[in-house]
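What follows is one structure encoded as structure tokens, with my remarks underneath.
Please treat every number below as a calculation from the coordinates, not as lab data. Keep in mind that this is a model prediction, so the values were computed, not measured. We place every Cβ from the backbone using ideal geometry, glycine too, and count neighbours over all the protein chains shown.
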Amino acid sequence: MKRKSVIVGAVALVAVGAWLTYSRTAHKGGPSATAGPAGQVRRVRQTQPLDEDYFRPHPIGRPLEGLPWITDLLICDLDQDGLKDVLVADGRLNKVTWIRQVSPGKFEEQDIGGPIQGPAHLEAADLRGTGHLDVLVASMGIIFPDNDKIGSVVILENDGKNHFTNHVLLDKVARVTYVQAARLTKHSVLPDLVVGQFGYLEGEIRWMENMGNGTYKSHQLLDLPGTIHAPVADMHGDGNMDIVALVSKKVEEVHMFTGDGQGNFRDQVIHGSTNQDYGSSGLTIADVNQDGRPDVIFTNGDGFSYATPGPRPWHGVHWLENMGGGKFTYHKVGDFSGAFSPIAVDLRGSGHMDIVATSCFNDWNDKDAVSLMAFENDGHEHFTPRILARAPTHLVVVKAADMFNDGRIELVTGSFAFYPPYNHVSRVTLWEHNE
Amino acid sequence: MGHRNVRWGLVVAGCILAAAAGLVLVRKAAAPRLPGLSSYGGRPAAFNEALEAARDKVRRGDYDAEDLRSLAHLFQANRLDDEALATYGVVSKRAPLNAHDHYYLSELAQMRGDLSGAAKELRSAIEAEPGYLPARLTLGAMLLKSGQTDDAQKEYAAILSTDPGQPQATFTLARIDLMQGKDDLAIARLEALIASHPDMTSAAGLLAQVFDRRGDDKRASALRQWSRQKPEPEPVDPWMDSLMGDCYDTVLLGLKFEEYFAMGQITRALPFIDRIEELDPKSPVPELLRGWEQSSNHHEEEAVAEYEKALAKGADPEKICPYIVKSLVALKRIDDAERLMAEFYAKKPDSIPILEAYATVAVLRDDTRTARMLLAKVLEKEPYLNSANLNMAKILWSAGERDAAAVCLERLVEMNPADVASRALLGQYFLGNSEPGSAIVPLEQAVALENAQSPRYKSLTAMLYTAYLLAGNAESDRGHIADAVGKFYDKAIKLAPDDATAYASKAVACAQHKEFRSAADALETMTSLQPRNPTIYLSLGDVLYQEGYSEQARRNWQRALSLAPDGSTELRNAIGERLSGNITADTFR
């Protein structure tokens, strides 16, 4: 009897454990999860170790002509044909392009919309309730430092037939580096916008209330220059949208703007550095430890405005663990020279969020310098650095998705070739599994 | 007995020796273990020598706290932070930590992102040395950056109570005011701050931003100009400066030089160059930095001398050539620049920086043949270089090779959002090539960018006007009347509403396509611009007649007749025919 109870108990435990494991993997897979035929989430667990052989890089889109200045990438199914595409912000050619996956694994690149000066950030959203994805573009005007009011926010409006028309929402403002559409208040019907303006000596963060009929009303959030990213998430779990911003230049701070759902936001600095050469470079929000609370991951690795650009010993990847109640605990994920573009993604289908980042400002004269790094999560948020690649170099952005709907994660990177050597430069690279 | 004594003696001696050895071992075991490696690969030999000396001194000095501190500083200044932290741990076991120790430990805590740990150490440093301002300012910053805004505010207020008007504290308090929505208080603080410290350019920038947001464009504009001066100087931090004296990392020293140089603190900047030179006498970096500094101060002769020394020390000519050419050109020593670049071009014929620098010199010498050859090589490798495209476009345009020049101009337009000249030339090219539709976009951009009061604005609008008319005519000829009117004629009219030509073109096109109402509207506007022009009334009458308004048509023809000069027989006959009712299908052709 006792024995039977033990067996039943063990079976029950195994079943509960399996269910828990499944739930954890299935429901918290984040960007790496894919939908199976019945809408069921399907992930393929990878056995291959994370190392330089894990991915096989190959260029996609137009061939490299001169030095690339890719400033941002976005993976989305723009034409909603079931195949994921890649949108490209080209800061040198001042345009947004669409690398369309015309059939599985086959990519063709085309311009969308008219020229946009210094595009720096891309988002896709149905901004007008048409059922089609428009493309929201943050335009710096000029990528290099400039204090003039040359920034703008542009929507590439989708007519539903893959024709895009530029519609300027905001212009003649300090250089815009970030824009995101989100319903920021409880009464928002159409998406509002968060706009980060790096500027130079002047800059700001504002949110733009969607008043309908394509009109917006600006509300100031921060008067400082230097905003790099300002993503939106419900950081407090109270149903109200908050904004987390990485502000560089002199202050080197992470700000959280706590929303009350009524359009009021309270500014709080949640982390920062007094090191003027800290080089904040990128921030995203992800539930790293899968505790239901969105965390903040950020990188510092910028070396843009120096006579001697390159790696610094303090460059790296960082995690601000959301403890709830507006409290965050800082963790260093790992050192990484020239680090940019942190993303959280379950690379191997293990159920744990790894962190991937690129390096744009490494010492590219050193053949061992790393350009793409994963920090593998052991399930207890202990991260082990795994070198994914040393070339191509000058990688400024990485995005992850299951590009081929096969349950495996691919990466897409873009390069910003700012300083020599340029021996191993690419433009847009797809990192496919080597298995 | 004798043997017994000897045996006892040996035993005793053995015991003494064993005890001594034991004592030595115990003492050795009790001695603190020094952290870190005895030498570090990849670090300069001078650092490893200094490290060895520091470790020896610690051991020989019986682990004296001061010697341990020196070792800790050596680690910390060279960003061996874990080793430094462990060494301070050893220090703390030998002697109480002093204010400097806590200050340096706070810096280590900051470097590993432990802001509360940094604040704790700073409080200890301040307790021991309450007057050390950099520690108090850093504590304020730590509190603010870790979300303890109220505590930060108190700390900055405390600084102001002992050091009224302290600029960094005032600036940060203004920032906190703004975070809390207290704009007026922030403005008052910032205005007082820039009045007392005109070099606080960050304050001017912040104030400009606030005024801009509040719609006070005039004050925002004035403060914006103010903020464009060099960054304000950082408060002097002798403790941290002294730590940098132990730095053997030339990259970190170079960064410090740049930081102080950018703030105009030259006397603080220059020792870092000296230090780099001392560490690596063969390095050309000090000469490069000195040349850069001299050139920034417009001392071009001195800059050239430094760059030449750097080249002599083996500096990479790809890095130096663009700088030295810039200085030589500023000195108008074009021949010297040409000689130098010819020499390096012979050595590195495929280097883009050398090709570019050499091409710049060739352009200045009007050596078109060489410049063209060099620029072609540059653009083959790097098609989107700004100055190369600009110079090549000028050369090709002057040579009449406008198709090739247009390729460069199109690249320039793509790259440069504010380049009016390239857009104007490209527009001119397309107009000359009978491609008015292609001319419109660059010309529209150029008109939008150009100051409306400038002489160039007039010629740009004239070109754009022509482009609209020609493009409209082409669309009309293709039968696309709606596009001709909406995309071109109406834009031309909007651009120059007092010019009758676009109205006339629109009227003709509309009439040809039987859009009589639109044609009549255009002609009616023309009558207000040229009220004594009989042809307009004749045409207006024609259009109204075809639209079915015979009586109105007749009134306009009569008006035309009254205005027609006596000698204009043909015109008068045409009007007369209409008025006499002699109207056939051919009348309006």
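The charge dipole of region B:76-179, taken about its Cα centre with unit charges on the Cβ atoms of Lys, Arg (+1), Asp and Glu (-1) only, comes to about 60 debye. Taking amide H positions as modeled 1.01 Å from N, with prolines and chain starts lacking one, the residues under 5 Å from A:V345 and 5 or more places away or on another chain are A:D354, A:I355, A:V356.
For region A:227-275, the list of trypsin sites (Lys or Arg not before Pro) that fall in a loop by DSSP and count at most 13 other C-beta atoms within 10 angstrom is empty. Counting Lys and Arg as +1 and Asp and Glu as -1 over every other residue whose Cβ lies under 11 Å from the Cβ of B:L390, the net charge comes to +1. Look at B:T368, A:T358, A:T429, B:T162 and count the other Cβ atoms within 10 Å of each Cβ; fewest to most, that gives B:T162, B:T368, A:T429, A:T358. One Cα centroid belongs to region B:512-526, the other to region A:250-319; the line between them spans 62 Å.
Pairs of alpha carbons in region B:326-485 separated by more than 27 Å make up 37% of all such pairs. Close amide H partners of A:D72, meaning residues 5 or more places away or on another chain with modelled amide H under 5 Å apart, are A:A89. Residues in region B:522-531 carry Karplus couplings, in order, of 5, 5, 4, 5, 4, 5, 6, 7, 10, x Hz; the curve used is 6.51 cos²θ - 1.76 cosθ + 1.60 with θ = phi - 60°, and Gly or Pro positions show x. Along region B:8-15 the Karplus relation, 6.51 cos²θ - 1.76 cosθ + 1.60 evaluated at θ = phi - 60°, assigns HN-Hα couplings of 4, x, 5, 4, 4, 4, x, 4 Hz to successive residues, with x for each Gly and Pro.
Taken about its Cα centre, region A:159-269 carries a charge dipole of roughly 300 debye when the Cβ of each Lys and Arg holds +1 and the Cβ of each Asp and Glu holds -1. Taking θ as phi - 60° and the Karplus parameters 6.51, -1.76 and 1.60, the scalar couplings of region A:390-406 work out to 10, 8, x, 9, 6, 7, 9, 8, 9, 10, 10, 6, 7, 5, 10, 6, 10 Hz in sequence order, x denoting glycine and proline. Between the C-alpha center of region B:90-104 and that of region B:131-151 there is a gap of 21 Å. Helix B:368-381 axis versus longest C-alpha principal axis of chain B: approximately 70°, rounded to the nearest ten. Counted by Cβ distance under 9 Å from B:E475, the other residues give a net charge of 0, where Lys and Arg count +1 and Asp and Glu count -1. When the Gaussian network model of chain A links Cα atoms closer than 10 Å, the mean-square fluctuations of A:D85, A:D171, A:D366 top out at A:D366. With neighbours defined as other Cβ atoms within 10 Å of a residue's Cβ, the residues B:W557, B:W8, A:W314 order from fewest to most as B:W8, A:W314, B:W557. Helix A:2-27 versus the longest principal axis of chain A: what angle, 0 to 90°, nearest 10, using Cα atoms? That helix lies at roughly 10 degrees to the long axis. The amide H of A:Y216, built 1.01 Å from its N in the peptide plane, has A:M211 as neighbours under 5 Å, considering only residues 5 or more places off or on other chains.
When the Gaussian network model of chain A links Cα atoms closer than 10 Å, the mean-square fluctuations of A:G114, A:G282, A:G91 top out at A:G114.
With a threshold of 20 Å on the Cα-Cα distance, the over-threshold entries among A:K95/B:K494; B:K313/B:K347; B:K313/B:K348; A:K332/B:K154; A:K149/A:K249 are A:K95/B:K494; A:K332/B:K154. Dividing the helix sum by the residues of the protein assembly as shown, where each DSSP H run of 4 or more adds -39500 (n - 2.57), gives a mean residue ellipticity at 222 nm of -14500 deg cm²/dmol.
In loop segments of region A:366-435 as defined by DSSP, there are no chymotrypsin sites (Phe, Trp or Tyr not before Pro) with at most 12 further C-beta atoms inside 10 Å of their C-beta. This ranking places A:W319, B:W239, A:W98 by how few other beta-carbon atoms lie within 10 Å of each, fewest first, which gives B:W239, A:W98, A:W319.
Between the beta carbons of B:S562 and B:L449, assuming R0 = 41 Å, the FRET efficiency works out to 0.30 to the nearest 0.05.
When the C-alpha to C-alpha distance is required to be over 32 Å, the pairs from A:K399/B:K120; B:K256/B:K309; B:K145/B:K319; A:K106/B:K319; B:K230/B:K381; A:K172/B:K506 that qualify are A:K399/B:K120; B:K145/B:K319; A:K106/B:K319; B:K230/B:K381; A:K172/B:K506.
Rounded to two decimal places and with Rh computed the Kirkwood way over Cα pairs, what is Rg over Rh for chain B? Looking at chain B, the ratio lands at 1.24. Excluding A:A344 itself, what net charge comes from residues whose Cβ is under 9 Å from its Cβ, given Lys and Arg +1 and Asp and Glu -1? Around A:A344, the charge tally is -4.
One Cα centroid belongs to region B:254-279, the other to region B:349-380; the line between them spans 34 Å.
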